[in-house]
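Comments concern the structure below.
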Amino acid sequence: MGSMQITRRGALKLTAASVGASTLTALGFSPAQAQAAVRAFKLERTTETRNTCPYCSVGCGVIMYSIGDRAKNVKSSIIHIEGDPDHPTNRGTLCPKGAALIDFINAKTRLQYPEYRAPGAKEWKRISWDEAIDKIARHMKADRDKNFIAKNADGQTVNRWISTGFLAASATSNETAWATYKVVRSLGMVVFDNQARV
Amino acid sequence: MSSLQSLDLRRRSATTTPPPGQREAVEVAKLIDVSRCIGCKACQAACLEWNDLREEVGINVGVYDNPHDLTENTWTLMRFTEIDVDGRFEWLIRKDGCMHCDDPGCLKACPAPGAIVQYKNGIVDFISENCIGCGYCVKGCPFNIPRISKKDSKAYKCTLCSDRVAVGQAPACAKVCPTQAISFGTKKDMIAWADKRIADLKERGYKSAGLYDPPGVGGTHVMYVLKHVDRPEIYAGLPKDPKISPLVDLWKGITKPLALAGVGLAALVGFFHYVTHGPNEVQEEDEEAAAKTRRNSAE
Amino acid sequence: MTNLWADIKNTDLVVIMGGNAAEAHPCGFKWVTEAKHYRKAKLIVVDPRFTRSAAMSDLFIQIRPGTDIAFLGGVIKYLLDNDKIQKEYVGNYTNAAYIIRGDFKFEDGLFSGYDEAKRDYNRASWEYELSEDGFVKSDPSLQDPRCVYQLMKTHYSRYTPEMVERITGAPKDKFLEACKLIAETSAVDKVMTSMYALGWTQHSKGSQNIRTMAMIQLLLGNIGVAGGGMNALRGHSNIQGLTDIGLMSNLIPGYLTLANDREPDYATYMKTRGFKPLRPGQTSYWQNYDKFFVSFAKAMWGDAATKDNDWAYDWLPKIDVVYDVLRAFELMHQGKMTGYFCQGFNPLMSFPNRRKLQAALEKLKFLVVMDPLATETSEFWQDHGEHNPADPAKIQTEVFRLPTTVFAEENGSLINSGRWLQWHFKGAEPPGEALPDIDIMARLYAKLRELYQKDGGALPDPLLKLTWDYENPLAPQPEELARELNGKALVDVPDPRDPARMILRKGQQLSGFGEYRNDGMTMGGCWLYAGSWTEAGNQMARRDNTDPGGLGLTPRWAWSWPANRRIMYNRASCDLNGKPYNPAKKQIWWDGEKWTGYDVPDFVITSKPEAGVGPFIMNPEGSARLFTRGMLRDGPFPEHYEPFEAPVPNPLHPKVNANPVARVFKNDLEQFGKASDFPYVATTYRLTEHFHFWSKHTRINAALQPQEFIELGEELAKEKGIASGDLIEVRSNRGRVKAVAVVTKRIKALKIDGKTVHTVGIPLHWGFTGETKKGFGCNQLTPYVGDANIETPEYKAFLVDVKKLGTTAA
Amino acid sequence: MADKTTIFDRYTSGARLNHWINAILMICLALSGMALFHPSLFFLTGLFGGGPTARIVHPWIGVLAMCSFLGLFIRFWRYNLWGKDDSAWMRNIKHVVNNDESKVPEAGKYNAGQKLVFWLMSILTVLLLTSGLAMWDSQFGEYTSIEQKRLAVVVHAASAVLLIIVVITHIYAAIWIRGTIRGMTRGSVTGGWAWRHHRKWLREEVGKTK
């Protein structure tokens, strides 16, 4: 509003004055100053969660800042991530990947729901979790029952399954790894590997 | 004393009334130690992330610099130079961005009141609400830093994370830097730290290592430790002795009030002439003479 | 890493070779810059390119890709010739004095026992000479011509500075400058650290690259010492954990191994894993193998694993060969695989010879991709023009794509390179219907169990009797799994000396692997993690960063395996009497009664120094191995072999050019290119702006390095008329990449065995999904051959040709 | 007296329209330009809807003004060619200032002072145009270097100030010399005015009607 008033006042002066209005400068006239407060600190009252950068093996500590205070009616959404200054390795620093972690979480190409591509199909088809799990399990069982090697050529018990393989992630947690290991090994799978090899 | 500002002002663009000056603040500075910079661009990423900016995905034009210049989104940019210095190959990597001059050319050139401010701590900040997008700051800057947005026609550049500094945090780039090539603190502390770094570099054989804090702009609040401070230009064209252009001084200095005075004077001269000599009015004789001339001609 | 990231600050010399820490691990590299500033440490970088690490170095030496052993072998020769070794350490803590069998020899590039038809060695002769009491013979004077020290001296006598220059291209004077700096750290108060990564592993002799440096570190007395060690900078955030937990063809958690076809029962299996001490009084910690195995079996099958069924020995698969990824895709390519799961893994981009991978995936009946991102692998059947030509109508593979959570959306632990298990917490819900991998595996397991319960099928028992007693069987909580990994008592465990007293109560979390038992009274998924979740709670979530001793060990931050030990082999930092070699950097010491200090001693803490127990307690001999016996397939001493595609014949032994025991599949052999057709050496690598094929999906990183490019030196560019920014094509015998040329001074032409050799650098990050410009990916070009021991593909050295396509890049 | 008064046409309606369009545009330019020139006048941007719009419209008004000025130039340039009498007029300008034109040569359609104003306006306009284009970043930003832009700003400012002074002179002269303004408003002047200030022109006009 302040500047509006100024404008009107300025306009009045202008109409009153002749072309020599440029001499207004002599009045030392100066518009009211809009307050130049710096941008508000965007993390104020956000919720902090400690995490570990999922990229390389330095294992930098990060702090994730999310909107909302975990109240029931508020959906948390992470708006910013920066280095954890207490972490003994990274001491608050991050690399260009870690500094941009927020864009990994919010990547346009993040998958949202299970999809299925039928033989010869040109497109993905969205399916339910139940359908996906059911189909995959049936595929696995059919192959395992058909190709499971209980004994080798010498008649020795080997109980291995080599016609379906599993490539495990290297950024999943130990707990995921353990759950995966239990399922994969109990099936007798040996075509089993992770990123350590490459 | 009363002020809503979270940081006190030292200067305000295009403003004839001085800001309150009684309170004193500690000057801050960011020190960029080029000898420890690995060019990882973490600072660039953190800057985009913190300031909620996203750069266009461009193309590679045959160098590591991406984007290829500062933009309205990229307020800091790693510039890479491959060069043989004194017979030794060096890959010089410099983080480019606003130097936060003590005597800021952008602020001097800015015609919009309060669009550019300098806080007492030395940070030069663009207050976008007040920016009219004229681009005078670009012309005023001795380091070619500000960029005008294609989207909103406002000028943008590094704020030294004034929002973070105001609450006692370091700028995003300084905090993120993995190798402490960027440090942040009071200017005094940064100069002391630079001295230590320079001593280390000299021990390692870089005889002309030194601090870049150019006096031509009154010193800066972003300083560099360079291995070759005698040749700053080899670091992707860092100016050797930056100064506000004399042309900018010419148009923004004393000539400005003088020019206005000239205009006023012209008007005054007219007014006084009128008062002393009065109007030059057509007399009856003139009309008669004119009529006579016409009649003569008609005959 | 034998040490930890922050410990790098304690070093006097950093050697970055086979890695590029500044670029791939910037926040870890911080500690190099700290060492440089505060300890005046020097940094040597040896690499085929002047990298971002090199930009920080005091000495940079460019070598030809794939010649690291030649360089390091030369260093060993220098150290031995100039007697720049830590003699006391070498004499007492390594096997330098041990006598090797008389029939061991090395001739014309081959060790004794080579079988050309099998491309394998009979490694029987690579062994210690044992005396009648079953212990290794030794000569403490190191004079016996059959002792390891002397054999090593002979072996590396060929690696003269001139030979190093001929093979690697490193100028002799610079090489000697590096040797001199390295040799200085043989002093007890000086230490060097080796930081390496995939630049060493991704070769047909990757394991041996690392071993050569390990030998140097042992000669210098730098293992077990703060600021020293062999520091493998692991690539991914939890690659360490995945390997610890044994998610590999032949592993059981904690580096136990699956039985093979020749081990029909548990007793036979244990025979080769008992590890009887080879020197008197040694710890030989693997003697506890059975405790770890049995507790693991109990974690898997609980009550169903009993002494009577050999702890369910038969339910674990036996392997005939190792089914590593190269073999998996070879089998797939042969049409022998039905299904394949990719959990957070993008093999189409990550593995070598993409054309072969594409053809292999087309032959699958079904492919399951679990990933947070739309990977190329999941879309291999889609036509993406020249970046992924495909005809979906002809591809019969069924593909399932299952959305998973990312780090921010789950609790759990990741293990960093310094072996720290760090717990993280969920901060937000996943997008859409994405689920944690754990839930997906649990749902899959539940469905399979249901099907087998209903219909029966091949060997259902291991599946049906698997312990799955989680509160919600469809969504086990990470905390439940973590407690299981740590292990607990299954019954009240009595004190053997006083059976009335219970040392463990039923259900009690174990406090360390010392409590693991071989009688079925305890269970534990991974013995190495014992201590991570004790009765005192989740040790991985600890956040006390105090640093007693000032070495950066921070023992109360998170938890590190084994037993929260921060620097492995730390007993070796003390002399025979238990006094720290370098009092300025005390880690542990003998206080007259026990071992104590700032770190957890890597030793039996009551073992008196005068008992003479060696510091390398995992080895039956108690000492570290300069000579590896039969542990590695390709030789007890590292030897320089050329990459499978090399520009020159091996200058040391032209007849044995490349690694003689590296496995090569038949059709891959045919795809190797010749130097006459592909004259330039290529190497592939990561850039700091990107993380493999993930960060091209993130907008900020995509902008920082938007488009695929290829680096070549000014000399080669000039020869080919290529300028920076031109569009060029690089071809190998397996494929091609079109990309923008970056012409640089950072890669120089080398003189190799009298021939000019150019190096071409190919960064790896671009593909056909994500935010960046589309790219081909370097693995269109790379060869399908792996390391002789662990089958890591030879991504780092192969041959290509270069052609200019146009002046403006697309 | 009225019957004695003779009337002479001085400006056609087209010329008048052209002049006043130009005058209005020039005033707008001066106001928006001055607003950006000195902080004390920044409030003038309010007339144009605020700083950014003032910044946006100023160069576009400039373009229009240039077009209209071109019209004036084409109309009047040949009446403003300098003659010998003009130099003599200039030398004796102090008499004119003292309201005594009898001591200077008879003026044609324009006296030397007016011609000077015309040529100054023309030259300054060209300078303003070229320097203005050079600093018009949103349209032609990439065609000039920063150093060239800096020079352009100085030239633009200096030219503008001079032009404003010239315009003030022009306006004051119109106020001071009574009877002038009707030439530009009604298009005609009285014979007396012409006799007094532009006698030569009067004679020419009279001659034409013969």
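The values are calculated or read from the model by the stated rules, or taken from the named source; none is laboratory data. Just so we're clear, the structure is a prediction, and the values are computed from it rather than from any experiment. As a convention, Cβ positions derive from the backbone with ideal geometry for all residues, glycine included, and neighbour counts pool all protein chains shown.
Consider region B:99-111 and keep the residues that are aliphatic (A, V, I, L, M) and modelled with pLDDT of 95 or more. The one that is surrounded by the fewest Cβ atoms within 10 Å (Cβ to Cβ) is B:LEU107. Taken over region B:100-153, the criterion of being basic (Lys, Arg) and under 14 Å from the mean Cα position of the chain (by Cα) is satisfied by B:LYS108, B:LYS139, B:ARG147. In this structure, is C:VAL164 part of a loop (DSSP other than H, G, I, E, B), among the aliphatic types (A, V, I, L, M), outside the structural domain of C:PHE798 (by TED's automatic domain parsing) and at pLDDT 95 or above? No. Look at region C:199-226: where a residue is among the basic types (Lys, Arg) and a partner is part of a helix (DSSP H, G or I), sitting 6+ places away or on another chain with Cβ atoms under 8 Å, you get C:LYS205/C:ILE69.
Against the numbered list (1) among the basic types (Lys, Arg); (2) crowded, with 21+ Cβ neighbours inside 10 Å; (3) under 23 Å from B:THR74 (Cβ atoms), B:LYS187 comes up short only at (3). Of the residues screened, D:ALA65 is one that is within 17 Å of the chain's Cα centre (by Cα) and among the small types (Gly, Ala, Ser).
Scanning region C:221-261 for residues that are assigned to a loop (DSSP other than H, G, I, E, B) and among the hydrophobic types (A, V, I, L, M, F, W, C) turns up C:ILE223, C:VAL225, C:ALA226, C:LEU233, C:ILE245, C:LEU247, C:MET248, C:LEU258, C:ALA259.
When you scan region C:52-63, do you find a residue that is closer than 30 Å to C:ARG279 by Cβ, away from chain B (no Cβ under 14 Å) and in contact with a helix residue (DSSP H, G or I) (Cβ under 7 Å, 6 or more places away or on another chain), even just one? Among the residues of region C:52-63, not one is closer than 30 Å to C:ARG279 by Cβ, away from chain B (no Cβ under 14 Å) and in contact with a helix residue (DSSP H, G or I) (Cβ under 7 Å, 6 or more places away or on another chain), which makes the answer no. Counting only helices (runs of 4 or more DSSP H) that fall entirely inside region D:1-116 and contain at least 2 residues that are in contact with a Ser or Thr (Cβ under 9 Å, 6 or more places away or on another chain), closer than 28 Å to B:GLY262 by Cβ and not polar (S, T, N, Q), the qualifying elements are D:13-37, D:51-76. For region D:4-23, check the following and say yes or no: at least one residue is closer than 17 Å to D:HIS156 by Cα and away from chain A (no Cβ under 14 Å). No; the residues of region D:4-23 include none that is closer than 17 Å to D:HIS156 by Cα and away from chain A (no Cβ under 14 Å). Being assigned to a loop (DSSP other than H, G, I, E, B), surrounded by 13 or more Cβ atoms within 10 Å (Cβ to Cβ) and under 30 Å from the mean Cα position of the chain (by Cα) is not true of C:ARG483.
Yes/no per residue for (1) at the interface with chain A (Cβ under 7 Å from one of its Cβ atoms); (2) touching a helix residue (DSSP H, G or I) at 6+ places or on another chain (Cβ under 9 Å); (3) surrounded by 24 or more Cβ atoms within 10 Å (Cβ to Cβ); (4) among the aromatic types (Phe, Trp, Tyr):
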| position | (1), (2), (3), (4) |
| --- | --- |
| C:ARG355 | no, yes, no, no |
| C:ALA360 | no, yes, yes, no |
| C:MET370 | no, yes, yes, no |
| C:THR377 | no, yes, yes, no |
| C:GLU386 | no, no, no, no |
| C:ASN411 | no, yes, no, no |
| C:ILE415 | yes, yes, yes, no |
| C:HIS424 | yes, yes, yes, no |
| C:PRO460 | no, yes, no, no |
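From the list C:GLN86, C:GLN62, the lone residue that is closer than 21 Å to C:LEU652 by Cα and among the polar types (S, T, N, Q) is C:GLN62.
If you go through region C:409-448 and keep only what is within 26 Å of the chain's Cα centre (by Cα) and of a type in the set (Ser, Thr, Tyr), you end up with C:SER413, C:SER417. Of all the listed residues (C:ASP634, C:ASP668), the sole one being of a type in the set (D, E, K, R) and not in a loop (DSSP other than H, G, I, E, B) is C:ASP668. Annotation: of all residues in region B:274-299 being more than 7 Å from chain D (Cβ to nearest Cβ) and at pLDDT 90 or above, the one that is nearest to the chain's Cα centre (by Cα) is B:VAL275. Among the conditions (1) in contact (Cβ under 8 Å) with a residue 12 or more places away in the chain; (2) under 16 Å from C:ALA178 (Cα atoms), the only one that C:ARG52 does not satisfy is (2). Before we move on, is C:TYR285 without any contact (Cβ under 8 Å) to a residue 60 or more places away in the chain, under 28 Å from the mean Cα position of the chain (by Cα) and away from chain A (no Cβ under 14 Å)? It is false that C:TYR285 is without any contact (Cβ under 8 Å) to a residue 60 or more places away in the chain, under 28 Å from the mean Cα position of the chain (by Cα) and away from chain A (no Cβ under 14 Å).
Taking the criterion of being within 26 Å of C:LYS586 (Cβ to Cβ) and surrounded by 24 or more Cβ atoms within 10 Å (Cβ to Cβ), the residues of region C:221-266 that qualify are C:GLY221, C:ASN222, C:ILE223, C:GLY224, C:VAL225, C:ALA226, C:GLY227, C:GLY228, C:GLY229, C:ASN231.
If you filter region B:215-270 down to residues that are of a type in the set (Lys, Arg) and in a loop (DSSP other than H, G, I, E, B), you find that the one that is farthest from D:TRP176 (Cα to Cα) is B:LYS227. Annotation note: of C:ARG566, C:ARG571, the sole residue that is touching a Ser or Thr at 6+ places or on another chain (Cβ under 7 Å) and under 21 Å from C:THR11 (Cα atoms) is C:ARG566.
Output yes when any residue across region D:126-140 is at the interface with chain B (Cβ under 7 Å from one of its Cβ atoms) and on the phi > 0 side of the Ramachandran plot, and no when none is. Among the residues of region D:126-140, not one is at the interface with chain B (Cβ under 7 Å from one of its Cβ atoms) and on the phi > 0 side of the Ramachandran plot, which makes the answer no. Counting only strands (runs of 3 or more DSSP E) wholly contained in region B:1-107, the ones carrying 2 or more residues that are within 9 Å of another protein chain (Cβ to nearest Cβ) occupy B:9-12, B:76-85, B:88-97. A single entry from C:LYS696, C:LYS655 fulfils the requirement of being in contact with a Gly (Cβ under 6 Å, 6 or more places away or on another chain) and on the phi < 0 side of the Ramachandran plot: C:LYS696. Filtering region B:220-242 to residues that are free of Cβ contacts under 8 Å to residues at least 24 places away in the same chain and under 17 Å from B:ASP200 (Cα atoms) leaves only B:VAL229. Counting only helices (runs of 4 or more DSSP H) wholly contained in region C:1-88, the ones carrying 1 or more residues that are at pLDDT 95 or above and within 30 Å of C:PHE644 (Cβ to Cβ) occupy C:21-24, C:68-81. Among the residues in region C:231-247, are any touching a residue at least 24 places away in the same chain (Cβ under 8 Å) and in contact with a His (Cβ under 6 Å, 6 or more places away or on another chain)? Within region C:231-247, one or more residues are touching a residue at least 24 places away in the same chain (Cβ under 8 Å) and in contact with a His (Cβ under 6 Å, 6 or more places away or on another chain).
Across region C:449-477, the qualifying residues are those that are under 22 Å from C:TYR313 (Cα atoms), assigned to a helix (DSSP H, G or I) and of a type in the set (A, V, I, L, M), and the one among them that is nearest to the chain's Cα centre (by Cα) is C:LEU463. C:HIS692 meets all of the listed conditions (1) crowded, with 23+ Cβ neighbours inside 10 Å; (2) not in a helix (DSSP H, G or I) but one, namely (1).
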